[in-house]
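Every number in this text was worked out from the coordinates using simple rules, so none of it is lab data. Fair warning: this is a prediction, and the values are worked out from it, not measured in the lab. Please note: Cβ atoms are built from the backbone with ideal geometry, for glycine as well, and neighbour counts cover all protein chains shown.
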Ligand SMILES: *Cc1c(COP(=O)(O)O)cnc(C)c1O
């Protein structure tokens with residue numbers, strides 16, 4: 001299995017090289033050269049398989065050239081050591097809770113998988129790898145936690161000052177060891193721009209092996225397809241066509257869902273639900289892709305104006321927007337509507353949704369209003385306690401703080417303030 005660059009102007013590489021490079025030398029995202037469907041028996045018997053078996057069989061073809069089966073199995077045992085329950089909310093509406101991991105963000109799986117892969121690859125080399133990552137909220141904590149103590153890997157996290165929640169900030173600034181947080185005077189887009197500039201900077205590239213832990217990295221992106229299979233396994237007995245609604249920012253998670261479908265998972269439809277950062281909903285309406293600066297919302301992990309993985313989705317459908325529309329709908333929702341949805345979910349099901357999950361719920365309801373004969377699953381991408389101020393403000397209640405979060409609350413935040421790309425560069429070269 002090779003990976004090629006979606007800009008088509010770079011050599012094909014192995015899984016290992018794709019993980020270490022992060023992005024191809026021509027700035028394109030890597031994409032697997034083949035996606036071979038799993039046998040239909042896999043889906044027929046999926047209820048009898050453990051999550052580890054499902055994950056192993058689903059990701060095997062993408063990594064087998066560089067990860068021996070025994071190593072892959074070990075990695076999956078470490079990565080998937082928590083539950084992914086599908087919880088009923090109303091008739092034909094359920095939520096897939098992806099927040100039972102160490103940082104209570106769905107990104108834990110991808111971040112841990114990538115960390116374990118890089119750790120394995122760096123065992124055989126002497127040079128250190130520096131992971132550079134921009135976060136709009138949850139990536140930072142998940143990456144910090146996943147990479148903590150991994151030998152041969154140094155992690156540098158950029159986050160926008162004042163634009164992540166207190167808990168998110170603590171999760172990425174309190175660990176120390178091989179993790180450094182850089183607090184940027186600017187927006188998430190500014191952070192992302194600095195990271196992108198660093199990957200193009202010859203001086204830096206000559207000095208160090210830089211890679212990205214954003215979902216452009218195949219080792220962070222691909223394992224997310226597990227979620228959809230785990231959910232399918234639990235929802236299959238409903239006997240209805242399944243629809244997934246995914247609260248989307250950089251569109252990595254939903255793109256992985258579409259890969260799961262390409263592997264043969266029977267799903268009727270996907271909904272990409274966004275906050276007011278509506279670049280993709282606009283594209284689906286007009287066929288024009290107009291990236292714009294991001295707007296701050298209460299679902300801040302999705303405040304993305306130029307979603308990096310959407311190009312992979314277009315590629316999966318050979319850039320045929322009509323074919324894509326048959327499988328994917330995309331809707332945008334304001335903060336006001338999102339708050340109302342949180343209230344409605346709480347009133348009807350006594351379920352506390354976080355703002356991202358609530359956006360997913362809204363997308364699902366919108367699709368089901370025209371397609372009622374479906375069983376819908378919206379993804380709950382973060383525990384509500386991660387967005388405590390919004391939950392308190394909207395629902396007037398304070399969810400109990402789970403032990404994973406309690407652990408970081410008392411710790412001292414440590415970050416280095418930066419404002420410009422030059423600051424980042426000086427830090428990295430130091
Ligand atoms: C990252 C994130 C998202 C968006 O996921 P993408 O793969 O970037 O579309 C949604 N919700 C939460 C809580 C997140 O942390």
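Before moving on, here are some points about what is shown:
- Antiparallel DSSP beta bridges within the chain, as percent of all bridges there, nearest 5: 20
- Difference of contour (0.36 nm per residue) and Cα-Cα distance, residue 400 to residue 348: 16.7 nm
- Theoretical gain in end-to-end length, residue 315 to residue 237 [0.36 nm per residue, Cα-Cα removed]: 24.9 nm
- The value for segment 138-203 of Rg(Cα) / (2.2 N^0.38 Å) is 1.12.
- If the chain linking residue 7 and residue 81 were pulled fully straight, counting 0.36 nm for each residue of separation and taking away their Cα-Cα distance, it would gain 23.0 nm.
- Separation between Cα centres of segment 60-135 and segment 295-330, rounded to whole Å: 22
- Computed label-point distance, nm, for sites residue 296 and residue 326 using a 7 Å Cα→Cβ extension: 4.4
- Put a dot 7 Å past the Cα of residue 53, heading toward its Cβ, do the same for residue 91, and the two dots end up 3.5 nm apart.
- Taking 170, 112, 414, 312 and counting other C-beta atoms within 10 Å, the order from fewest to most: 414, 170, 312, 112
- When 265, 302 are arranged by Cβ crowding within 10 Å, least crowded first, meaning fewest neighbours, the order is 265, 302.
- Ranked 130, 381, criterion: other C-beta atoms within 10 Å, fewest first: 130, 381
- Measuring spread by the Cα atoms of the chain yields a radius of gyration and Dmax of 20.1, 59 Å.
- Dividing the Cα radius of gyration of segment 144-291 by its Kirkwood radius returns 1.02 for Rg/Rh.
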